[in-house]
1. Can you give the Kirkwood hydrodynamic radius for segment 27-112, in Å, rounded to one decimal and based on Cα pairs?
2. I'd like to compare 102-108, 75-81: which one has the highest average count of other Cβ atoms within 10 Å, and what's the full order after that?
3. Where does each of 33-39, 90-96, 43-49 land if you order them by average Cβ count within 10 Å, highest first?
């Protein structure tokens, strides 16, 4: 799974799948879309967790970073997302809707 963290004043620190823990700093301007939804943390789990999927345009490719609520990056990312990208509503606005949504909720699409 890819991992991304972020704050309002720094770029996102991202670890692409297969990177063996190496982090790459990614500008918030690279984010092209964000969706929120639910997923099972593994194939054997019976419970669901909240997840964010961040679509990014990196210099050499497009990449999808997925961050689950069980990851350390969740709180800083959800707390600061609306600060880094003002078009995104605060977590308090969309967080509860994810729990009952039957499909992912689009939070941000560049250019919309």
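1. Final number for the Kirkwood radius of segment 27-112 is 13.5 Å.
2. On the way: 102-108: 14.0, 75-81: 18.9.
Put in order of decreasing packing, that is 75-81, 102-108.
3. On the way: 33-39: 19.1, 90-96: 13.7, 43-49: 8.9.
By packing density, highest mean first, the sequence is 33-39, 90-96, 43-49.
Only the coordinates and a few stated rules stand behind these numbers; no lab work does. If you're wondering where the values come from, they're calculated on a predicted model, not measured in any experiment. Every residue, glycine as well, gets a Cβ built from its backbone with ideal geometry; the counts of neighbours run over all protein chains shown.
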